[in-house]
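Derivation of every value follows stated rules applied to the coordinates shown; laboratory data play no part. Since the structure is predicted, the reported quantities are computational estimates derived from the model, not experimental observations. All Cβ positions, glycine included, derive from the backbone under ideal geometry; neighbour counts span all protein chains shown.
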Amino acid sequence: MVALQGGGVSSTEVWKRLWKLDVPGKIKIFGWRALLGLIPCRAILANRHISNVSGCPVCQNGAEDIRHIIFTCDRARAVWRLLGMWEKIEQLLGTDRSGSIILEESIRRGEQIQALGVGFPELILTGGWYLWWERRQRVHGESTQRPSRSGLSIATLTKNYKLAAKRVSQLEKVGENHRKMW
Ligand SMILES: [Zn+2]
């Protein structure tokens, strides 16, 4: 494993697993950028002297980096708590692990969340992407919904995508059988 700039990770096994997850392409790309530390947060921009504001635009609390946006922001904590994921995330946080390392660890574990009928990595990536999207809306002056609504949307998005992917693979199987019949 090679440590990259911005606390990113590079491990072939994790990339392979990421591409196989049941999430839409845009969420895989978000995950890929987050693993490499390529999400333009305020802390990263401030380090590169692109901006002199490093604080979080959502909670105004602490420096905003990937770890903060996806996991430790007040808003992220509230959403993960509502989804019943906070304890698992707290274990992954460690003392000074970067957001990229935490994401890598979630993908590596590949656990299933029985209560929600989805995979842990899928839920984390969809949630991370969603929180990131909401943060952008906020920066652009749009209002943000309540954390409970966001939690519900994240759970629904993750589950629906999984079900749709399953349906497509079943249809492909039916198609194959038809071809064999003829
Ligand atoms: Zn925050």
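Annotation: lysines with alpha-carbon distance below 20 angstrom to residue 173 (same-chain offsets under eight excluded): 20, 162. At 222 nm, what helix-only mean residue ellipticity would the chain give, in deg cm²/dmol to the nearest 500, using -39500 (n - 2.57) for each DSSP H run of four or more? That comes out to -19000 deg cm²/dmol. For residue 16, a cut-off of 18 angstrom between C-alpha atoms picks up these aspartates and glutamates, skipping any fewer than 8 places away in its own chain: 104, 105, 111, 122.
With unit charges on the beta carbon (Lys/Arg positive, Asp/Glu negative), name the residue among 37, 140, 63 whose Cα is farthest towards the positive pole of the charge dipole of segment 12-167. Of the options given, the answer is 140.
Amide H to amide H distances under 5 Å link residue 119 with 113, where only residues 5 or more positions off or on other chains count and H is placed in the peptide plane. Based on Cα atoms of segment 53-107, Rg over Rh with Rh as the Kirkwood radius reads 0.96.
Rg and Dmax over the alpha-carbon atoms of segment 2-181 stand at 17.4, 66 Å. Sorted on the mean count of surrounding Cβ atoms within 10 Å across their residues, most packed first, peptides 30-42, 139-151, 102-114 read 30-42, 102-114, 139-151. Packing around the peptides 118-129, 166-177, taken as the average count of other Cβ atoms within 10 Å per residue, puts them in this order, highest first: 118-129, 166-177. The tail of the calculated P(r) for segment 138-182, taken as Cα-Cα distances beyond 13 Å, holds 69 percent of the pairs. The GNM of the chain, with springs linking C-alpha atoms under 10 angstrom apart, assigns the highest mean-square fluctuation among 18, 152, 93 to 152.
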